[in-house]
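Q: Please read through the structure below; I'll follow up with questions.
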Amino acid sequence: MIIRPDADAAAALVARIIAKELRANPHLVLGLATGRTMESVYRLLVRMHRKEGLDFSLCRTFNLDEYVGLYPDDPHSFRHYMNEHLFRHVNVDLRNTHLPNGQAPDLDAECRSYEASIARFGGIDLQLLGIGQAGHIGFNEPLSAFRSRTRVKALAPLTLEQNAQSFGGTDRVPRRAITMGVGTILESRRCLLLASGPAKAEIIAKAVEGPITAMISATALQLHARCTVVVDEPAAQRLGASEYYRRIFATEPEWEEFRCLE
Ligand code: GLP
């Protein structure tokens, strides 16, 4: 659990961790997430590609989720989001970028084949995660089983509300999405969750320090052997042990190289 002074510093830390993993293993299988929080992470990765030659040419990416019923070129689709925020600005081979196809005629077959592709590439090395206000990771809405795999989920009312603005009204938000399951996410070798802003403070405290419950799928990450949660000060306000987390980041050798980031 790491607390950074503001949203930019939190995103910078996450981008640096991704860059370090990618440099150590150019064939990295990278799990990606969408949402407003991730926009600054992708902006920083693009900058590192341009200025430091961060190389995406051999990496493979798998996104967490995609809306059912949207074409890939729909401006609201997560495929479009990824193209605009990351893929078209770096040297990733688009054939190596994977998102579930929300237009597949057989959605269950699509979910099975998505899981099979992840397995074919040896599993996800590093999974980037945001958190919804209801505590979901991906679109694993309340009561998602911790052993769930990639599947179609009906979106919860709070999720529809949260996404209403970008769709121009709750009625226009797709009702369903394909999402990696909680079980799929827990199998990745490392998880990296980023949250910022006061609206996430309560759910972050529940996710990190609260009891494990399928009502809040992010609590499943407490079972993950290597999960790092990065938040800014406003999102850290409800944490009970924040002084301990601050001390770990300030003193543990693992974090030394990341301390000087703005
Ligand atoms: C959507 C995505 C989640 C993401 C969440 C938070 O629901 N499916 O993966 O974490 O939004 O988005 P934001 O960063 O905009 O708060």
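Q: Show me, for the range 178-189, the HN-Hα J-couplings you get by feeding each phi into the Karplus relation (A = 6.51, B = -1.76, C = 1.60, θ = phi - 60°), rounded to Hz, glycine and proline as x.
A: For the range 178-189, the Karplus curve yields 8, 9, 4, x, 4, x, 4, 5, 5, 7, 5, 6 Hz.
Q: Of the peptides 155-165, 250-260, 141-151, how do they stack up when ordered by the mean number of other Cβ atoms within 10 Å, highest first?
A: Most protected by this proxy first, the peptides run 141-151, 155-165, 250-260.
Q: Additional query: Would you mind calculating the relative contact order of the chain from Cα pairs under 8 angstrom and at least 6 residues apart, reporting the percent as a whole number? Spell out each step's value before the answer.
A: Values: 515 pairs, mean separation 62.9, N = 262.
The normalised contact order for the chain reaches 24 percent.
Q: Straight-line reach from Lys153: which lysines have a Cα under 30 Å away, not including same-chain ones fewer than 8 places off?
A: Once the sequence-local lysines are set aside, what remains near Lys153 is Lys200, Lys206.
Q: Sticking with this structure for a sec: What Cys residues in the chain have no fellow cysteine's beta-carbon under 4.7 angstrom?
A: Cys59, Cys111, Cys260
Q: Restricting to the chain, what percent of DSSP beta bridges are antiparallel, rounded to 5?
A: That works out to approximately 25 percent antiparallel.
Q: Another question, then. Looking at the square roots a ≥ b ≥ c of the eigenvalues of the Cα gyration tensor of the range 1-150, which shape do they give, rounded for a/c under 1.5, prolate if a/b is larger than b/c, or oblate?
A: The shape class here is prolate.
Q: Further question on the same structure: Quick one: net charge of Val92's neighbours, Cβ under 13 Å, K/R +1, D/E -1?
A: Residues close to Val92 contribute a combined charge of +1.
Q: Give me the net charge for the shell around Arg112: Cβ to Cβ below 13 angstrom, other residues only, Lys and Arg +1, Asp and Glu -1.
A: In short, -1.
Q: Sum -39500 (n - 2.57) across every DSSP H segment of at least 4 residues in the chain, then divide by the residue count to get the 222 nm mean residue ellipticity, nearest 500.
A: -11000 deg cm²/dmol, from helical runs alone.
Q: Then there is this: Taking H placed 1.01 Å from N in the peptide plane, check which residues at least 5 places from Cys191 or on another chain put their amide H under 5 Å from its amide H.
A: Distant-sequence amide H within range of Cys191: Gln127, Arg226, Cys227, Thr228.
Every read-out reported here was derived from the displayed coordinates using simple, explicitly stated rules and does not represent laboratory data. Note that the structure is predicted; figures quoted are calculated from it, not measured. Here the Cβ is made from the backbone with ideal geometry for all residues, glycine too, and neighbour counts use every protein chain on show.
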